[in-house]
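Contents: one structure, followed by commentary.
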Amino acid sequence: MTDCCRDDNTVSVIDGKNNTKIEDIPVGEGPSAIAVDIFRNKTYVANKDGNNISVIDAKNNTRLRDIPVAEYYDNIKGSESGA
């Protein structure tokens, strides 16, 4: 489970079994939305102030790269089919 932290530009990884924070992952500026791809074990974070999407490897909680997007991008949605 993950949660955006706009104040420090991180995403918190939460243990869903006991609701404790495992760690914070640095992302782009102004994280505002999260989408999870369970088929590829990736998490995508829309960074509104950074105009990009951070791609996180959900297996080892590392930021892989940032994808540039349109200005003020603050929403993200995954595909239910994994396509």
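Here are some notes:
- Filtered residues of segment 1-31 (kept if modelled with pLDDT of 90 or more and of a type in the set (Ser, Thr, Tyr)): Thr10, Ser12, Thr20
- Residue satisfying all of: in segment 32-48; surrounded by 15 or more Cβ atoms within 10 Å (Cβ to Cβ) and not β-branched (Val, Ile, Thr); nearest to the chain's Cα centre (by Cα) among these: Tyr44
- In segment 46-58, the residues that are modelled with pLDDT under 95 and either within 17 Å of Asp24 (Cα to Cα) or outside any loop (DSSP other than H, G, I, E, B) (or both): Ala46, Asn47, Asn52, Ile53, Ala58
- Residues (closer than 12 Å to Asn9 by Cβ and assigned to a loop (DSSP other than H, G, I, E, B)) located in segment 22-45: Val27, Gly28, Glu29, Gly30
- Candidate set from segment 49-70 (those that are under 20 Å from Glu23 (Cα atoms) and among the small types (Gly, Ala, Ser)); member that is surrounded by the fewest Cβ atoms within 10 Å (Cβ to Cβ): Ala58
- Among the residues of segment 59-69, the one identified as outside any strand (DSSP E or B) and under 20 Å from Asp7 (Cβ atoms) is Asn61.
- Sole exception among (1) surrounded by fewer than 18 Cβ atoms within 10 Å (Cβ to Cβ); (2) assigned to a loop (DSSP other than H, G, I, E, B) for Ser12, by number: (2)
The values are calculated or read from the model by the stated rules, or taken from the named source; none is laboratory data. The model shown is predicted, which means the values in this text are computed figures rather than measured ones. All Cβ positions, glycine included, derive from the backbone under ideal geometry; neighbour counts span all protein chains shown.
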